[in-house]
Amino acid sequence: MTDMPPNEPVGARFRDFQARLDQPDGQRQRRRGRGHDGEQLTVPAADFTSYYGRPVLKPPVWKHDIAGYLFTGGLAAGGALVGAGAQLTGRPGLRQVGRWTALGGVTASAYLLVHDLGRPARFHHMLRIAKLTSPMSVGTWILTVFGPLAGVAAIAEIAPRLPQHGVLGLARRLAPPVGDVAALAAAATAPALATYTGVLLADTAVPSWHDAYPALPFVFAGSALAAASGVGLIAAPAAETAPLRRLALAATTIEMVSGRQLERMGLTGEPYEHGRAGRLVRAGRVLLGVGTVAALFSRGNRILSALSGAALVASSVATRFGVFEAGVASARDPKYTVVPQRERLEKKRSAGQL
C-alpha cells in the first residue's frame, strides 16, 4: 500500500490491510479509492473470492448412485408401511405389493450403496461399530436390520404355493405368521429408514444441505410415501387402493409444506430454484400435484390409477435427484459458503460478541 513506509515490515502491512477489510461496508465505501493521505490505494476493495476460483469446500465425492439410493431407500420404507397397513386392514393384494416393494427397494439400495463404496467389504467394515452420533453409522444399521425383515415378509407371500406335505408343508404353515411379525417389525423401522438420509445430508458442511436440516427429513418422508403410494396404485387391485389415495394426499401435503421451507432459506436456498437442481425440484412438485389429483379421481379406473401412480413415483425420483444436485451445486460455488459466514460475523460484530 502506498500509505505505508517502503521499509514497513510485511506483517504490519498485512495487519493494516486486514483491519481495512474488517471495517463496515459503509466505511470501506467512503475510503475506497484513496488512502489516508489522499493517495490511490493499490489494493481494491475486497469481495468474496476463493483461491484461484477454486471451491471453498470439496464437492461431495458421492456419485449419482447415492441419489438413486436416496430414492430406493425411501421407496422401501414406504412399501413396508403400505404393506403393514394393508395387513392390518385385510387387503391381501395391497399387502403383497407393499411387501415386494419394500424388498425390491432395499435390495436396490444395498446394491447402489455398495457400488458407490467400491467394494462390498467396506459396507461390512461400517458394521464394526455402532455410533449413535453418526447418521452414516446409524443408517447402515437401520438398513441392515430392515433388509432381512423385509425379505422374510416378502418371501412369506409365496408360502401358499408350497406343497402341503413334508418339510415344505411345515414351512407353508409357519411362513404366514412369521411373515406378519417380520412385516410389522420392518414397518416399525421404516420411518427411520425414510428420513435418516435427510439427516445424513444435513449433517455435512454442504451449504444447501446443512441449512435445510429442519426440512429435509420431512421432504424425504413425504417423498417416500408418495413413491410407495404410486407403486400401489399401479400394481394393487383397484378395489384395495382407497387408502393409497388418502396416503398420496397426506404425502403431498407433507412434501409441499416442507419443500417450501427450502426456498425460504435465503442465499443457500437458491440452488433449489435455479439450474439443473431447480428444474428437477420443480418437475417433482408438478408431478406430485398431477399424480395426487389424478389419484383422487381414479376410483375404479385402472388406466388413470396407473398414470397417477407413475407420476407419483417419477415425482419422488425428481425430488431426490434435485436435492442431491442442489447440494453439489452449492458446494461448487464459493459464495454459498463465504457470504453466509460473513453475514454471521457481521451479526456478531453488531451484537458486540466480537
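Here are the numbers for this structure:
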{"quantity": "ARG119 being exposed (fewer than 14 other Cβ atoms within 10 Å of the Cβ) and either out of contact with any Ser or Thr (no Cβ under 9 Å at 6 or more places or on another chain) or acidic (Asp, Glu) (or both)", "calculated": "yes"}
{"quantity": "Every pair of residues 6+ apart whose Cβ atoms lie under 6 Å, when the first sits in the range 214-241 and is touching a residue at least 40 places away in the same chain (Cβ under 8 Å) while the second is open to solvent by 30 Å² or more (accessible area, probe 1.4 Å) and not in a helix (DSSP H, G or I)", "calculated": "ALA238/GLY300; GLU240/ARG91"}
{"quantity": "Residue satisfying all of: in the range 270-297; of a type in the set (Val, Ile, Thr) and over 17 Å from PHE220 (Cβ atoms); surrounded by the most Cβ atoms within 10 Å (Cβ to Cβ) among these", "calculated": "THR292"}
{"quantity": "Selection count where residues are touching an Asp or Glu at 6+ places or on another chain (Cβ under 6 Å) and either farther than 12 Å from ALA110 by Cα or open to solvent by less than 30 Å² (accessible area, probe 1.4 Å) (or both), scope the range 64-81", "calculated": "1"}
{"quantity": "Filter pass, GLY300 being touching a helix residue (DSSP H, G or I) at 6+ places or on another chain (Cβ under 9 Å), surrounded by fewer than 23 Cβ atoms within 10 Å (Cβ to Cβ), in contact (Cβ under 8 Å) with a residue 12 or more places away in the chain and in a loop (DSSP other than H, G, I, E, B)", "calculated": "yes"}
{"quantity": "Verdict on VAL339 being surrounded by fewer than 20 Cβ atoms within 10 Å (Cβ to Cβ) and either β-branched (Val, Ile, Thr) or in contact with a strand residue (DSSP E or B) (Cβ under 8 Å, 6 or more places away or on another chain) (or both)", "calculated": "yes"}
{"quantity": "Cross-chain or 6+ apart pairs with Cβ under 8 Å, the range 125-138 first and surrounded by 11 or more Cβ atoms within 10 Å (Cβ to Cβ) and among the polar types (S, T, N, Q), then modelled with pLDDT under 80 and assigned to a helix (DSSP H, G or I)", "calculated": "SER137/MET126"}
{"quantity": "Some residue of the range 84-91 being open to solvent by less than 20 Å² (accessible area, probe 1.4 Å) and closer than 15 Å to THR195 by Cα", "calculated": "no"}
{"quantity": "Helices (runs of 4 or more DSSP H) completely within the range 205-269 that count 3 or more residues being aliphatic (A, V, I, L, M) and open to solvent by less than 50 Å² (accessible area, probe 1.4 Å)", "calculated": "216-235, 242-263"}
{"quantity": "Given (1) farther than 20 Å from ALA215 by Cβ; (2) basic (Lys, Arg); (3) open to solvent by less than 60 Å² (accessible area, probe 1.4 Å); (4) at pLDDT 90 or above, index of the condition ARG320 fails", "calculated": "(1)"}
{"quantity": "Count of residues meeting criterion [hydrophobic (A, V, I, L, M, F, W, C) and either touching a strand residue (DSSP E or B) at 6+ places or on another chain (Cβ under 7 Å) or more than 13 Å from LEU149 (Cβ to Cβ) (or both)] in the range 84-109", "calculated": "6"}
{"quantity": "Considering residues of the range 92-111 that are among the hydrophobic types (A, V, I, L, M, F, W, C) and open to solvent by 30 Å² or more (accessible area, probe 1.4 Å) only, the residue nearest to THR72 (Cα to Cα)", "calculated": "ALA108"}
{"quantity": "First in the range 51-76 and within 13 Å of GLY327 (Cβ to Cβ), second anywhere and modelled with pLDDT of 90 or more and of a type in the set (Asp, Glu), Cβ under 9 Å, 6 or more apart", "calculated": "ALA67/GLU325"}
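The values are calculated or read from the model by the stated rules, or taken from the named source; none is laboratory data. If you're wondering where the values come from, they're calculated on a predicted model, not measured in any experiment. FYI the Cβ positions are ideal-geometry reconstructions off the backbone, even for glycines, and counts take in every protein chain you see. The protein model used for the area step is the full one, side chains on, heavy atoms only, and it has no ligands, DNA or RNA in it. Shrake-Rupley method; radii C 1.70, N 1.55, O 1.52, S 1.80 Å.
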